[in-house]
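*Asks:* Submitted below is the structure of interest, expressed as structure tokens.
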Amino acid sequence: MINFSQINLVWLPVLPLVVIATAAMVVLLVGVRVDDEESDGLGWLALASIVIALVLALGIFGQSGIAFAGAIAIDSFSAFFELSILIAAALTVLMSLDYADEHRLPGAEYYSLLLFSVLGMMLMATASDLIVIFIGLETMSLAVYVLAGLLRRDPRSSEAAIKYFLLGAFSTGFLLYGIALIYGATGTIKLVAIHAALTGPLLSNPLLLLGLGLMLIGFGFKVAAVPFHMWTPDVYEGAPTPITAFMAVGVKIAAFAGFLRVFMVQLGPASAAWTDVMWAISALTMTVGNMLAIVQSNIKRMLAYSAIAHAGYILVALTAGGPQAGGAILYYLLGYAFTNLGAFAVVVALERRGAAGDQIADYRGLATRQPLMAAAMAIFLLSLLGIPPLVGFVGKFYLFNAAVHRGFVGLVVIGVLNSAASAYYYLSVVVAMYMQEGGFLEETRRSRPALVAAIAIALIGTVLIGIYPEPYFTAAGNAYQSAMSPEEVHAATAMAP
Amino acid sequence: MTVEFPALTLILIFPALGVLYNLFLGYRTGRGAVSFVGPAVMFVAFAVASWAFYEIMVMPPGSVLTYSVWGWIEAGNFHTSIGLRIDALSAVMTMIVTGVGALIHLYSVGYMAHDEDFARYFTYLNLFALSMLILVLADNLLLMFVGWEGVGLCSYLLIAFWYTNPQFAYNGRKAFIVNRIGDAGFLLGMFTLIWALSQHGAWSLDFLTLKARASDIASTTLVGTTAATVAALLLFLGATGKSAQIPLYVWLPDAMVGPTPVSALIHAATMVTAGVYMIARLNFLFVLAPAALMVVATIGAVTAFFAATIALVQPDIKKVLAYSTISQLGYMFLGVGSASFAAGIFHVMTHAFFKGLLFLCAGSVIHALEGEQDMNKMGALRTKLPITFWTMLIATLAISAVPPFSGYFSKDLILEAAYESGHTALWILGVITAGLTSFYMFRLIFMTFFGESRVDHEKEHHIHESPPSMAIPLIALAVLSSVGGWVGLPEGLAWGDAFARFLAPVVGDFKPLVVGNPAMLSLVATSLGGIGIIVAYLFYIRLPGLPVILAWRLKGAHQLLLNKWYIDELYNFFVTRPLFWFSNTILNRGVDHYAIDGAVNGAGLTVETTGEAVRRVESGNVQHYAFVYLLGVLGVVAYYIYLVIH
């Protein structure tokens, strides 16, 4: 009898990656022969590959081991993040199909770059050494830089790409330097080995501490934490809206996957050295994000600052640490993916090329013109604000609850106050939609079933995962636990061929 | 025996589907589809409920069907789930809610046929039934509270259904607010229970846990008495709101402005019986709180009497029925307050039959007279509305407790229980009320169907009997009102009190403290009822001038009753106006305007100013961005250098 567990061990966990990588190249090659106005087929191809990868990723749940000489971790942690990323990618493709046509985006480049960035994200989620994390991060980032600038006729888009690229390159330097210093301090790039090495005098090794700090900065940039956030609003505003959504969700999830695995899981023993810095960054991120969101008049910029604020909430749990916080972050990111993508999908639906539509004032009276769209938007915004029983509330509750349990009451108070303040800008959109008149009269247009499907799926996720959180939260908790015990992972590796 | 029974969810799913359908597709697919879907979902729910009822019947006594849908709230040690439970008690209630509810839905199809908001009406009606079913099927107090709030909301929506009339909208609000006062009591009662249980290491509101831990609750002291008494009294406050008892009954008469089938639904199948059901459900708690039970019985008897006196003189046909409901609910509370929970629930059931029927008949009369509700403008309708007349007469005989109609058996059991638990004074009050009841009910019959026609001339020739969709529910309920009481015969007669035996595993047996002679007790009450009918006959058929003379002679008393003991005015003077003054002068102008608005505007201004200032940094210039980034880097690096040095 063949022992499948041995055969699968190497290939099964990377199959989703292989599928996405292959699909990206196929889309690129086939796409050369496809007109920009008829890129739908490429989009569906991309979507199909994402769905296949999603199914394959489900198979990784509950497994445990290490592949490719310790470069790839096979655990529920990877699986959970891969699922979240793939869901975000699928929704992004759905909302891109019509958008890409209407804005004459080059389909081959658009969908293949999207897939390449997904590949990078998934690599970050499964990586178990620092170099692979870095490769994943770069694969993702380079693709996203280009995607941000794909609206070639719009100067704001090119500006976004250049700014993102410059600052991104800048920040990559810090991350890489941090990795180098940690390698210098511990003599290894394997996360498991680093975890094992972090004892005694090494914990106060200046090389390690500085490396830690620089890595923190590098990840901080990717999750748009203050003060490394300045690029966010400009880039979010200029990029094609589906890509903005993808950045706000996909990039953030992937960055947190790396952040979480490196800091909470592997550098956990050295937590004393980074808790204070993280505390300060978290408090700053929440406060600055919310405060600036309040004064925005452009909905994409507002959502950009809102995304910053949400990174701050997640950092609260990251500061606190512990398995409870870990599970809470995973759950929160899953819910956040649905909610935020949904909100952006509504923005996409109301936007017109060359016309207005992305000002908050344009949303006035939307409830009478497009009641369903307005209702969906209201639900997404209320979830972002954290109103029960939507997923945003449950997620935030778990985050803050975990932090309170670890004694970070002060930080949670800041978080709750911030969350209350955020009501102002989320509700002002709801008020505009339901209680004001005027706004931007969009002409009747052909129906866009894919976009509507994206909104519907996001809506279902936002409501369902909020009302019935138990299985998702349990899965998130287990996923985090699966990455928590490197000793066990070690043991599994020893048994593998 | 406890059996997992997933089909229980269907009882909720079908009405829920009805709500969704009517809400989202009702206006698009038109009246025909709505008039099918609205009642159909209820009939399906009734079929499933019958199946569950049958299962309970064939299983050994004390069996339970349960289904846990999902875990709901996990907060620290406290956890509760969305779980459904059918035992003998909830089986009976579910049958009433779905069965009578389905008939009222069917009747509504005809009654509301000309209303333009047909779909909205059925959305609310389905939601009402759904909420009540959640309340009944819940296996814990918190889920019950969800249904409890749901019926409160739906009653508001339906009472104010014709919201363009400001008075109707006002009455809807009144019902909602008065209910909320009771709900606060319910909430505090739940908190008391959670607190008391947590003292003993239990964290749950499941009925099973509550039952198992009832003695713990009773042994916990709180404000000079036991936690059981405090919780029972607070929960009963909730019941007085929902079930329209003193002091919170004032919403119910005003609720008559809603469509008449809604009144039927509120009075017969849903809502007002919730309080009685809740007490019967928590019988194990109430028996350990004798003081609370005493309060329940007293309030019940006094309310029964008090409401009956008001009903004696009301000219509006629906108002008479409204006060009669309050009065009959008083009987039910007298029953459960005398620790005869089965008798209380028995009266809930028979009352559902005859009161549902009475309202539907009244609706039929009103429908025929194009909205006329004043009995002074009716009369001699007996030949013009034969089905309505005969069915309404049956219902009247039932509510007047004439044997062998259903009301006789249930009311008899309640009065017997009141006497045998030693509440002689309350028994006397109950017996007098029985006389008043048959008087005002036959007054209604005589004024509406007999004597000279006083109908407005132009309406006279429009009078027509109702369409079949309205007539069928009348006949079905008439049959139930006639024979529905036979499940609880006096002991020794045929199968005896099968109903009480069926419920006994859940609510316990009634244990008499004083031995009475059931036959004698029954005779007294029934004779008084008979006298009431004779007096009504004399007043309104033989000597029609007499009531007028009497009203003139006893002007003070008559005015007092006509104006409902001036209770609304008293509430207005002592509660509403001071409250309004306080809210407007102190809270609105003082606290809200100056303190809160000031603080909020101030905070808002601060944030905006700061935000604007910080936004300046957000210049769009990438060098600035890198500079701020670098500042952050320096901060972090400086911190680590500091860390290394120290």
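*Asks:* Residue by residue through the stretch B:560-567, what is 3J(HN,Hα) from phi via Karplus (6.51 cos²θ - 1.76 cosθ + 1.60, θ = phi - 60°)? Round to whole Hz and write x for glycine and proline.
*Replies:* After applying 6.51 cos²θ - 1.76 cosθ + 1.60, I find 4, 6, 4, 8, 6, 6, 6, 5 Hz.
*Asks:* With the full set of protein chains in place, find how many percent of the accessible area of the protein assembly as shown is carbon and sulfur; take the probe as 1.4 Å. Walk me through the numbers before you get to the answer.
*Replies:* Numbers: 29450 of 42250 Å².
Whole-percent figure for carbon plus sulfur exposure: 70.
*Asks:* Order the peptides B:413-425, B:277-289 from the highest to the lowest mean number of other Cβ atoms within 10 Å of their residues.
*Replies:* Working: B:413-425: 22.9, B:277-289: 24.5.
Descending mean neighbour count gives B:277-289, B:413-425.
*Asks:* In Å², and per residue, what accessible area does the protein assembly as shown have when probed at 1.4 Å with the other protein chains present? Intermediate values should be presented prior to the final figure.
*Replies:* On the way: 42250 Å² over 1143 residues.
Here the per-residue accessible area is 37 Å².
*Asks:* So who's got an amide H within less than 5 Å of the one on A:I74, skipping anything under 5 residues away but keeping other chains? H placed 1.01 Å off N, in plane.
*Replies:* So A:I74 has HN proximity to A:G65, A:I66, A:A67.
*Asks:* What does the C-alpha gyration tensor say about the overall shape of the stretch B:409-474? Classify as rounded when a/c is under 1.5, otherwise prolate if a/b is larger than b/c, or oblate.
*Replies:* On the way: a/c = 6.24, a/b = 2.29, b/c = 2.72.
Here the stretch B:409-474 falls in the oblate category.
*Asks:* Would you please give the residues with an amide H less than 5 Å from that of B:V3, counting only those at least 5 places away or on a separate chain, with H modeled from the backbone geometry?
*Replies:* Correct list: B:V64, B:L65, B:T66.
*Asks:* Using per-residue counts of other Cβ atoms within 10 Å, averaged over each peptide, order B:246-259, A:254-267, A:46-59 from highest down.
*Replies:* Numbers: B:246-259: 22.3, A:254-267: 25.2, A:46-59: 19.9.
Most protected by this proxy first, the peptides run A:254-267, B:246-259, A:46-59.
*Asks:* Once you average over the residues of B:602-612, how many Cβ atoms of partner chains fall within 10 Å of each Cβ? Present the calculation step by step, with values, prior to reporting the outcome.
*Replies:* On the way: counts 0, 2, 3, 0, 1, 7, 4, 1, 6, 9, 4.
Per-residue shielding by partner chains comes out at 3.
*Asks:* For the ranges B:132-141, A:374-383, B:582-591, what's the packing order if you count other beta-carbon atoms within 10 Å of each residue, average per peptide, and put the highest first? If you can, show how the numbers build up before the last one.
*Replies:* Working: B:132-141: 26.4, A:374-383: 23.5, B:582-591: 11.9.
Descending mean neighbour count gives B:132-141, A:374-383, B:582-591.
*Asks:* Rounded to the nearest 10 degrees, what's the angle between the helix A:409-435 long axis and the longest principal axis of chain A, both from Cα atoms, 0 to 90?
*Replies:* 20
*Asks:* Can you give me the angle between helix B:141-159 and the longest principal axis of chain B, using Cα atoms only, in degrees from 0 to 90, rounded to the nearest 10?
*Replies:* Helix B:141-159 sits roughly 70 degrees off the main axis of chain B.
*Asks:* Right, here's the next one. Is the stretch A:143-297 rounded, prolate or oblate when judged by the Cα gyration tensor, a ≥ b ≥ c being the square roots of its eigenvalues, rounded requiring a/c under 1.5 and prolate requiring a/b larger than b/c?
*Replies:* It comes out prolate by the Cα gyration axes.
*Asks:* For q = 0.19, 0.26 Å⁻¹, what log10 I(q)/I(0) does the stretch B:17-106 give under the Debye formula with an equal point scatterer on each alpha carbon and no solvent?
*Replies:* These q points yield log10 I(q)/I(0) values of -0.92, -1.15.
*Asks:* Right, something else. Helix A:206-222 versus the longest principal axis of chain A: what is the Cα-based angle in degrees, 0 to 90, to the nearest 10?
*Replies:* With rounding to tens, the tilt is 20 degrees.
*Asks:* Once B and A are treated as a pair rather than alone, how much accessible area drops out, both sides summed, in Å² to 100, probe 1.4 Å? Provide the component values of the computation, followed by the final result.
*Replies:* Working: alone 27130 and 18020 Å², together 42250 Å².
That pair hides around 2900 Å² of surface in total.
*Asks:* For A:Q359, list long-range residues whose amide hydrogen, built 1.01 Å from N in the peptide plane, is under 5 Å from its own amide hydrogen.
*Replies:* Amide H neighbours of A:Q359, under 5 Å, 5+ apart: A:I299.
*Asks:* Peptide A:223-236: average number of partner chain Cβ atoms within 10 Å per residue?
*Replies:* Details: counts 0, 0, 1, 2, 11, 7, 5, 13, 4, 2, 3, 6, 0, 0.
Taking all residues of A:223-236 together, the mean is 4.
*Asks:* In addition: Which links in A:K222/A:K300; B:K211/B:K242; B:K318/B:K384; B:K355/B:K459; B:K511/B:K564 stretch past 30 Å when you go from one Cα to the other? Walk me through the intermediate numbers first.
*Replies:* Working: A:K222/A:K300 18 Å; B:K211/B:K242 23 Å; B:K318/B:K384 20 Å; B:K355/B:K459 27 Å; B:K511/B:K564 37 Å.
Flagged as over cut-off: B:K511/B:K564.
*Asks:* Please list 3J(HN,Hα) in residue order for the stretch A:461-470, calculated via the Karplus relation 6.51 cos²θ - 1.76 cosθ + 1.60 where θ = phi - 60°; whole Hz, with x for glycine and proline.
*Replies:* Per-residue couplings from phi come out as x, 4, 7, 5, 5, x, 6, 10, x, 3 Hz.
*Asks:* Further question on the same structure: Would you work out if the stretch B:238-315 is rounded, prolate or oblate? Take a ≥ b ≥ c from the square roots of the eigenvalues of the alpha-carbon gyration tensor; rounded if a/c is under 1.5, else prolate when a/b is larger than b/c, oblate otherwise. Intermediate values should be presented prior to the final figure.
*Replies:* On the way: a/c = 2.97, a/b = 1.53, b/c = 1.94.
Taking the square roots of the gyration eigenvalues as a ≥ b ≥ c, the stretch B:238-315 is oblate.
*Asks:* Another question, then. Please compute, for peptide A:207-218, the average count of beta-carbon atoms on other protein chains lying within 10 Å of each residue's beta-carbon.
*Replies:* Details: counts 1, 1, 6, 6, 1, 2, 9, 4, 0, 2, 6, 0.
Mean partner shielding for this stretch: 3.
*Asks:* Relative contact order (percent) for the stretch A:310-455, with alpha-carbon contacts under 8 angstrom and 6 or more residues of separation? Numbers along the way, then the final one.
*Replies:* Numbers: 170 pairs, mean separation 53.1, N = 146.
Reported as a whole number, the value is 36 percent.
*Asks:* Mind listing, in residue-number order, the residues in the stretch A:148-173 that have at least 10 Å² less accessible area with every protein chain present than in their own chain alone (1.4 Å probe)?
*Replies:* Residues meeting the cut-off: A:K163, A:L166, A:L167, A:F170.
The values are calculated or read from the model by the stated rules, or taken from the named source; none is laboratory data. Small disclaimer: the values here were computed from a predicted structure and weren't measured. As a convention, Cβ positions derive from the backbone with ideal geometry for all residues, glycine included, and neighbour counts pool all protein chains shown. Heavy atoms of the whole protein, side chains included, go into the accessibility calculation; ligands, DNA and RNA do not. Shrake-Rupley method; radii C 1.70, N 1.55, O 1.52, S 1.80 Å.
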